[in-house]
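The values are calculated or read from the model by the stated rules, or taken from the named source; none is laboratory data. All values reported here derive from a predicted model rather than from experimental measurement. So basically every Cβ, Gly included, is an ideal-geometry build from the backbone, and we count neighbours across all protein chains shown.
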Amino acid sequence: MKPFEKILFDNKEWAAKQIEEDPDYFNRLVEIQNPEILWIGCSDSRVPADKITATNPGEIFVHRNIANMVVHTDLNLLSVLDYAVEILHVKHIIVCGHYGCSGVKAALSHHNMGIINKWLRNIKDVYRFHQQEIDLIADEEQKVNRMVELNVQEQVMNLAKTSIVQKAWKHNQQPHLHGWVYGLSDGLLKPVFELSPGAPMDHIYEYDDL
């Protein structure tokens, strides 16, 4: 059986099992999407948001990309953010990275990755902001892992810089912004950064007429 065929086969078994255990399972899902959390995570297949948080369908709204980035020109991310904040009225946004992230590793190298270079440049900028600290770390694994934490911090800051979040802060006093890192070796989530609604930032990023 080919991998994609196995997925279809397993899907049928899973759906049948859900109905056997709870005949109304899918009927409820059709009617309900009221998550309180937007999750911005890495596309890495080892970091599925629902699995590592033990959440059920409908509980978190998920966006994933390489190295869990919040890029101000990414219309995909911004569309998800706007929908989550303006329509779903999420109370929390979590940016979750993971230790040993391949995207962060690649950004710290000088290898030509083709079209991916354009995406990784945003992570290289994070390195430039924190170069003095990162260059003092001799161990390569520790260097990457510290960069993962700093990258999460910068992406949370990038969320706060958006007019979408600032407008919600001004009118609704939400969402709270959280930066977490997931450990592949132990399965644990580690909070590394947080911003509450209305948190101060450099004035140049603030919008006064929202």
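Some points to look at:
- Among residues of region 19-46, those that are in contact with a strand residue (DSSP E or B) (Cβ under 7 Å, 6 or more places away or on another chain) and under 23 Å from VAL85 (Cβ atoms), counted: 9
- Within region 15-31, considering residues that are surrounded by 11 or more Cβ atoms within 10 Å (Cβ to Cβ) and under 27 Å from the mean Cα position of the chain (by Cα), the one modelled with the highest pLDDT: PHE26
- Residue match in region 166-188 (condition: of a type in the set (Gly, Ala, Ser), over 18 Å from PHE129 (Cβ atoms) and in contact with a helix residue (DSSP H, G or I) (Cβ under 6 Å, 6 or more places away or on another chain)): yes
- Filtering region 173-184 for residues that are within 13 Å of ALA67 (Cα to Cα), among the aromatic types (Phe, Trp, Tyr) and assigned by TED's automatic domain parsing to the domain that holds VAL71 leaves a non-empty set.
- Criterion (assigned to a helix (DSSP H, G or I), surrounded by 11 or more Cβ atoms within 10 Å (Cβ to Cβ) and modelled with pLDDT of 95 or more) met by exactly one of ILE40, ILE52: ILE52
- Given (1) surrounded by 10 or more Cβ atoms within 10 Å (Cβ to Cβ); (2) not assigned by TED's automatic domain parsing to the domain that holds VAL148, number of the condition PHE4 does not satisfy: (1)
- Unique match (being among the charged types (D, E, K, R) and within 23 Å of VAL126 (Cβ to Cβ)) among ARG28, ARG64: ARG64
- Flag for LEU210 being outside the structural domain of ILE40 (by TED's automatic domain parsing) and either touching a Leu at 6+ places or on another chain (Cβ under 6 Å) or exposed (fewer than 14 other Cβ atoms within 10 Å of the Cβ) (or both): yes
- Residue among ILE137, ILE164 that is of a type in the set (Val, Ile, Thr) and under 21 Å from the mean Cα position of the chain (by Cα): ILE164
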